[in-house]
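*Asks:* Dumping the structure here so I can ask a few things about it.
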Amino acid sequence: MTKATYDLVAEQLLNATDEDVVDAYTDAYAGRTVFAGGPDWDVDVVCDLRVGGVWSIRSAPPDGTAYRETNRFTVIDRPGRLAFESALTMPDGSTVRRDVDVTFRNEERGRTRMTIVQKGFPTAEARDAFGAGFPGIFERLERLAARWSRGRARS
């Protein structure tokens, strides 16, 4: 018998183009802001954006133990879709494995609907705790993607 898992769907309409959102989402330098849980967090991001490439994120609160996420890309259909297998190691040493599918859909006026579907959370509580971080992630991502957009306009 297969053990039940819980899925998380996070979606936001961002004021930036799909290309700018993808760039900000996967850029290692931008990731230090996007994936920080607060202004004083220590974050390291490395991204090898190719099928089979690894995207690793280490994020730690001040004086705390880090969260470590290792993702391996399975689909890259730029700028519309990314998919990856993910292993998130929590500060207590436990690991949550998920399959993640991210879509970036152009909407009117240069906006992008970003949808993140994560499958495989072991409990509803783990899913909900992880999902609580997405409003901040989307806000920081939108801010950084707008910078990409302004940079492209000057080129």
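The values are calculated or read from the model by the stated rules, or taken from the named source; none is laboratory data. None of these values were measured; they are calculated from a predicted model. Cβ atoms come from the backbone with ideal geometry, glycine included; neighbour counts cover every protein chain shown. Keep in mind that these areas ignore ligands, DNA and RNA; they rest on the heavy atoms of the full protein, side chains included. Shrake-Rupley method; radii C 1.70, N 1.55, O 1.52, S 1.80 Å.
*Asks:* What is the number of the single condition among (1) buried (at least 18 other Cβ atoms within 10 Å of the Cβ); (2) more than 14 Å from the chain's Cα centre (by Cα) that residue 105 does not meet?
*Replies:* (1)
*Asks:* A follow-up question, please. Could you tell me which numbered condition residue 87 fails, if it satisfies all but one of (1) open to solvent by 40 Å² or more (accessible area, probe 1.4 Å); (2) of a type outside the set (S, T, N, Q); (3) assigned to a strand (DSSP E or B)?
*Replies:* Among (1) open to solvent by 40 Å² or more (accessible area, probe 1.4 Å); (2) of a type outside the set (S, T, N, Q); (3) assigned to a strand (DSSP E or B), the lone unmet condition for residue 87 is (1).
*Asks:* What are the pairs with Cβ atoms under 7 angstrom where one residue, in region 133-155, is within 26 Å of residue 118 (Cα to Cα) and open to solvent by 50 Å² or more (accessible area, probe 1.4 Å) and the other, located anywhere, is modelled with pLDDT of 95 or more and among the hydrophobic types (A, V, I, L, M, F, W, C)? Sequence gap at least six, or different chains.
*Replies:* 142/14
*Asks:* Just the residues that are in contact with a Cys (Cβ under 8 Å, 6 or more places away or on another chain) and modelled with pLDDT under 95, please, taken from region 31-58.
*Replies:* The one that is in contact with a Cys (Cβ under 8 Å, 6 or more places away or on another chain) and modelled with pLDDT under 95: 31.
*Asks:* Separate question: Note down all Cβ pairs under 7 Å where the first residue falls in region 12-35 and is without any contact (Cβ under 8 Å) to a residue 60 or more places away in the chain, the second is open to solvent by 50 Å² or more (accessible area, probe 1.4 Å), and they're at least six residues apart or on different chains.
*Replies:* 26/49; 28/46
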